[in-house]
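Please treat every number below as a calculation from the coordinates, not as lab data. Keep in mind it's a predicted model, so treat the numbers as computed, not measured. In this analysis, Cβ positions are derived from the backbone assuming ideal geometry, glycine residues included, and neighbour counts consider all displayed protein chains.
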Amino acid sequence: MSAGPAEAVAFMSGAEQAAMMARGELTSKALVERYLDRIAAYDAGLRSFITVCGPEALRAAEAADAERASGVVRGPLHGLPFAVKDQFQVAGVEVTGGSRSRRGRVADSDATVVARLRAAGAVFLGTLNTHEFHWGPTQEFPYGTPKNPWNLSRDPGGSSSGSASSVAAGLCTFSLGGDTGGSIRAPAALCGVVGLKATWGRVSRQGVFPLAWSLDCVGPVTRSVADAAAVLRVIAGADPGDLSATPRAVPDYSSALVGGVKGMRIGVVEDMLTSRMVGDEARAAFEDAIGVLQGLGAEVVTVSIPKVSDTRFVIPLLIDAEAYSYHRSELLEDYFGYDANTRISAMVGAAMPAGVVAQAQRARQVVSLEVVAAFEGVDVLASPGSPSGAPESRQRGHVGSRKEAEERIFGVGTSAGQLTRVFSLSGNPAVTLPCGFDAEGMPLSVQLAGKHFCEADMLRVAHTYEAATDWSTRHPDLAG
């Protein structure tokens, strides 16, 4: 569904909005005002935002407009409004990690990535909803349960729920999220937008509330691949505040988008197309997407990651162990300040034997080596981005079957994370982008993964596919 003319600017890509600003047809202040109006009109139902910094955003937009009028344009993000998952430090803003236990904690400085975006001229709009401490698969949202803008009864995915729903709903130009096992890519897939996780170590995590340090990544959610490339170039790079951030030079990802896919080799991961991993509609949409890429000149081959299904066990073990180690002191001081389901996950981490964690780490190594082998002779790996369209939102309550318990504990069945976790374990970059809709009108997605620090190849394939289709131009009608 397309937005009406009056709302078209809210759903434009950042590149389109920036072009309008360059032509004098749009100001940053007018764009911020449009988004604030839409947040006021729709977010009470969507629950995408936790904090909206309207007056501050308007002042920043006026400053961006004044700079542009004087001939100063800091880059392609100049004047564009963005929001961040309630996981990032923003100076003067309450950062809760999605938890009531952290109310009143105001950051005194920006996370590195927020500072870089502001330095590039982007305008901060607010913080976005997330599971408590980003600790999925719990369905606890202390600040209200976020909804999928395509159908308010459906799950937007998590834990970067607000990051995906806000961009899909036209409430900001782009957002930042955190991805530990798929927490950017999965909600982006379910909400029909672009979600990018770069190579582990490509982007600084300084000032970002952690979940599992050995897995956590930061990345953008956008309405186009070109926007994702532009944001990544700004936020990537070394940082003395995070020694895991690589000193490798940051490429011009935007320039790398051109050239098409002729001669590129794409490996379709056959183990991620089984009936246990993906439903019929998602598989059909994915196969259509691969057909488009073949038609554009890509060579498609089949590859295997035999132990990909084991990731449903490995990721929860590592997350619970690492997250508990971070939260241990505060849990001892304020145990009941945490929600019940988060406390349960924490206790699982506390009780986990060291030998189990070691086995999970060994399993991670095995899967990572399988990913390396799958990349032999190919440029990009491909799979569906989610096993189906977004499922009905799940609330706290009785677990009615073993299957439901398994889905909640290990994220199998209808969990979008079952297709994203493998590249979290291996540290490879990956992106999800829309490739169709199911019979109920919910977005379907394709996932592309690149070799370590080869985001450019992956984004080139994604951009080429996006340009050959119209899926990225379709948006939910919140007024209907």
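Placing +1 on each Lys and Arg Cβ and -1 on each Asp and Glu Cβ, with no other charges, gives the chain a dipole about its Cα centre of roughly 500 debye.
When LEU232, LEU369, LEU196 are arranged by Cβ crowding within 10 Å, least crowded first, meaning fewest neighbours, the order is LEU369, LEU232, LEU196.
Can you check what the net charge comes to around MET12, using other residues whose Cβ is under 12 Å from the Cβ of MET12 (Lys, Arg +1; Asp, Glu -1)?
Working: positive: ARG34, ARG223; negative: GLU7, GLU16, GLU25, ASP227.
Residues close to MET12 contribute a combined charge of -2.
Using DSSP to call loops (not H, G, I, E or B), can you name the trypsin sites (Lys or Arg not before Pro) in the range 309-371 whose Cβ has at most 10 other Cβ atoms within 10 angstrom? Intermediate values should be presented prior to the final figure.
Numbers: sites: ARG312, ARG328, ARG343, ARG362, ARG364; in loops: none.
Answer in residue order: no site qualifies.
Where both bridge residues fall in the chain, DSSP classifies roughly 65% of the beta bridges as antiparallel.
Quick check on the range 290-350: take the gyration tensor over C-alpha atoms, sort the square-rooted eigenvalues as a ≥ b ≥ c, and tell me if it's rounded (a/c under 1.5), prolate or oblate. It comes out prolate by the Cα gyration axes. For the range 120-213, the residue among GLY170, GLY195, GLY157 whose Cα projects farthest onto the positive side of the dipole built from Cβ charges is GLY195.
Longest stretch of the chain clear of exposed loop sites (GluC sites (Glu not before Pro), DSSP loop, at most 13 other Cβ atoms within 10 Å, sites excluded): 26-375. Distance from the Cα centroid of the range 413-480 to that of the range 368-384 is 17 Å (rounded to whole angstrom). Going through (i) 82, 60, 47; (ii) 61, 58, 47; (iii) 92, 47, 47, the figure that equals Cα extents along the principal axes in Å as computed for the structure here is (ii).
I need the shape label for the range 64-104. Rule: rounded when a/c is under 1.5, else prolate if a/b > b/c, else oblate, with a, b, c from the alpha carbon gyration tensor. Provide the component values of the computation, followed by the final result.
Numbers: a/c = 5.14, a/b = 3.22, b/c = 1.60.
Prolate.
In terms of the Cα gyration tensor, with a ≥ b ≥ c the square roots of its eigenvalues, is the range 166-224 rounded because a/c is under 1.5, prolate because a/b exceeds b/c, or oblate? Show your work: numbers first, answer last.
Details: a/c = 2.19, a/b = 1.83, b/c = 1.19.
Because a/c hits 1.5 or more and a/b exceeds b/c, the range 166-224 counts as prolate.
Cα-Cα over 25 Å: which of LYS29/LYS147; LYS147/LYS451; LYS29/LYS85; LYS85/LYS307; LYS85/LYS451; LYS307/LYS451? Beyond 25 Å: LYS29/LYS147; LYS147/LYS451; LYS85/LYS307; LYS85/LYS451. Residue order for ARG23, ARG233, fewest other beta carbons within 10 angstrom first, comes to ARG23, ARG233. Ordering TRP200, TRP150, TRP471 from the fewest to the most neighbouring beta carbons within 10 Å gives TRP471, TRP200, TRP150.
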